[in-house]
Amino acid sequence: MRDSRRKTGRPIAPATLSARAAAHVALKVELNGEVAAHFYGHSVALGKFSAAATHRIKELRAGLPLRDLASRRRTTDQEIARLVRRLATHGLLEFRLGRSSRGAEQVIIEPQVPDYWPEMPQLAATDTLALSRFAYMRRRGSDLVLESPRSSALFRICDAELAAMLGMLVTPQPLKKLQQLRNPAGIELFALLVDCQILFKVDAVHDGGLRSSEGNDSLVLWDFHDLLFHARSTEGRHANPLGGVYPYATSIAPLPAVRPRWAGIKIDLGKLPITDTDAVRSIAKILGERHSVRTFDDRTPITLMELSRFLNSTARVRSEWTAAFAADGGGGPTMTYSARPYPSGGSSYPLELYLSVDKCEGLDRGFYFYDAGEHALVSIDVRATELEALLKSAAFAMGESGVPQILITIAARFGRVSWKYSSIAYSLILKDVGALTQTFYLMATAMGLGGCAIGSINIDLFARMTGIDFYVEGPVGQFAIGRASPPETSR
Ligand SMILES: Cc1cc2nc3c(=O)[nH]c(=O)nc-3n(C[C@H](O)[C@H](O)[C@H](O)COP(=O)(O)O)c2cc1C
């Protein structure tokens, strides 16, 4: 693969892959050799280094060729390699690919997950490559970027010829043919893109339609926009700003809390008499009392009996059946269906509950799956650090220092919905999450418990904890629950 030659017979120099500190990162060296990375008001300590090594840190601005780091001849090289790896772990590096280490930039690789490291899988001359149907190129500011929700990195394409060449890969191209093209980023670019699942090797025997050849059935079931929405609207698989950062606070006025009135004849509903039955009065009372609770009374935590009651009323499977017609009246192939306490688009019920338990009387701290069919909890072995990270991220999202007694992660079995629905599958799932969330809120209120929905979830962390690929079954919502702190301390 590396010994590519043009028709002239002259060997083509391999492209150089170098690592450099990302543009938003400043590396500061203390007198005692401690190095720290500063970015967006944060700082990360990277360890202590020798004077010789810290002297070379400025090279990380221009870019250090990875093959030099790999050689590790001198102690300083080893130290710099250690520093580079630490920066990579925190997602503070970017990688440059080009024919020379100092020349014009061809491709810049921006990691999207914290521990991304560029790998170049071996490509054979007989390989045929094609663009993933999840890959796309777009303008970002004045850059052209190539990305994919499956990829751990984004590729900034700095050369228009290169962009045109990548465009050719909408149809499968033999590597042999690609090697003949003028390619300023080298054949190495293809290997890096294969590693990031932006390109894939086409299976000549089985691949009729490119959709089916990209891996398992779970991927086949995803629409392009749905997978992109899932990966970009959650945490863990991209490096974009996330959460309440008020990006337009200085440039655009906020919309008012209540929509300005339409001009027109007004019918005042407040003047109508209220004639309630007991059932209406009690549900109206619960709706009136419902509010988010973010602090919990750890002296008297929620009990296993309360948790069982809560899950039984909100999420337990009430019945199961097989039918050729969906509960929403539409015809279709024979499927199994279930009935549960909350509504679900097409009666699909793709949502599953995973419980991170910090404190619950009668139940050990740990990670559990709620088997809604059996109304049982099944414990799942996870690393203590990952359980802690999940609970802490919920506390962070609620702006609290203490973790919730129980954190319910609502995961979706995406294929359950996308097997049937095109274009609307992911949005249906999110609507189901809304319906389930309100069901949780109302039951928690009725039981005198406290709860709070949580908007941001790390889908990569969940994938690591469960060992399930993020596109097979993954988090789409969270709900913290427990015994509320006495009123004066809850918000
Ligand atoms: C989809 C959704 C996401 C939410 N995410 C968070 C969150 O991440 N952190 C938080 O403290 N509250 C979160 N909340 C709770 C809202 O802040 C709360 O519902 C809102 O402030 C109204 O207050 P109330 O629920 O007490 O009536 C979320 C609510 C919903 C419905």
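The values are calculated or read from the model by the stated rules, or taken from the named source; none is laboratory data. Bear in mind the structure is a predicted one, so any value in this text is a computation, not a measurement. Using ideal geometry, Cβ is built from the backbone for each residue, glycine included, and neighbour counts are taken over all protein chains shown.
A few remarks follow.
- Residues located in the stretch 346-362, provided they are over 15 Å from Leu390 (Cβ atoms) and either surrounded by 21 or more Cβ atoms within 10 Å (Cβ to Cβ) or outside the structural domain of Ala395 (by TED's automatic domain parsing) (or both): Gly346, Ser348, Tyr349, Pro350, Leu351, Cys360
- Any chance Arg259 is within 16 Å of the ligand (Cβ to nearest atom) and either modelled with pLDDT of 95 or more or among the hydroxyl-bearing types (Ser, Thr, Tyr) (or both): no
- Just one residue in the set Val245, Val293, Val220 is surrounded by 13 or more Cβ atoms within 10 Å (Cβ to Cβ) and within 16 Å of the ligand (Cβ to nearest atom); that residue is Val293.
- The listed residue being among the charged types (D, E, K, R), on the phi < 0 side of the Ramachandran plot and either surrounded by 10 or more Cβ atoms within 10 Å (Cβ to Cβ) or within 16 Å of the ligand (Cβ to nearest atom) (or both), out of Lys271, Lys285, Lys266: Lys285
- Scan of the stretch 20-44 for residues that are aliphatic (A, V, I, L, M), within 23 Å of the chain's Cα centre (by Cα) and in a strand (DSSP E or B), ordered by number: Val44
- Some residue of the stretch 305-313 being in a loop (DSSP other than H, G, I, E, B), in the same structural domain as Ala453 (by TED's automatic domain parsing) and touching a residue at least 40 places away in the same chain (Cβ under 8 Å): no
- Exactly one residue out of Thr300, Thr334 is of a type in the set (Ser, Thr, Tyr), more than 30 Å from Ser379 (Cβ to Cβ) and either touching a residue at least 40 places away in the same chain (Cβ under 8 Å) or away from the ligand (no atom under 16 Å from the Cβ) (or both): that is Thr334.
- Residues that are in contact (Cβ under 8 Å) with a residue 40 or more places away in the chain and surrounded by 14 or more Cβ atoms within 10 Å (Cβ to Cβ), drawn from the stretch 363-375: Leu363, Phe367, Tyr370, Ala372
- Residue count for the stretch 53-79 satisfying the condition of being farther than 27 Å from Glu188 by Cβ and surrounded by 13 or more Cβ atoms within 10 Å (Cβ to Cβ): 2.
- Scanning the stretch 69-94 for residues that are closer than 24 Å to Ser152 by Cα and not aliphatic (A, V, I, L, M), we see that the one that is farthest from the chain's Cα centre (by Cα) is Arg82.
- Test for Gly448: is it outside any helix (DSSP H, G or I), over 22 Å from the mean Cα position of the chain (by Cα) and within 16 Å of the ligand (Cβ to nearest atom): yes
- For the stretch 376-412, a residue qualifies if it is within 16 Å of the ligand (Cβ to nearest atom) and either loosely packed, with under 14 Cβ neighbours inside 10 Å or among the charged types (D, E, K, R) (or both), and the qualifying residues are Lys392, Gly399, Glu400, Ser401.
- Pick from the stretch 223-242, criterion more than 16 Å from the ligand (Cβ to nearest atom) and in a loop (DSSP other than H, G, I, E, B), ranking: farthest from the chain's Cα centre (by Cα): Asp223
- For the stretch 442-454, the set of residues classified as surrounded by fewer than 24 Cβ atoms within 10 Å (Cβ to Cβ), within 18 Å of Arg309 (Cα to Cα) and aliphatic (A, V, I, L, M) consists of Leu442, Met443, Ala446, Met447, Leu449, listed by residue number.
- For the stretch 38-92, a residue qualifies if it is out of contact with any Ser or Thr (no Cβ under 9 Å at 6 or more places or on another chain) and polar (S, T, N, Q), and the qualifying residues are Ser43, Thr54, Ser71, Gln78, Thr89.
- Going through (1) outside any loop (DSSP other than H, G, I, E, B); (2) hydrophobic (A, V, I, L, M, F, W, C); (3) under 39 Å from the mean Cα position of the chain (by Cα) one by one, Ala249 falls short only on (1).
- Here the stretch 420-441 is the region considered, the condition is being within 10 Å of the ligand (Cβ to nearest atom) and of a type in the set (A, V, I, L, M, F, W, C), and the residue that is surrounded by the most Cβ atoms within 10 Å (Cβ to Cβ) is Val433.
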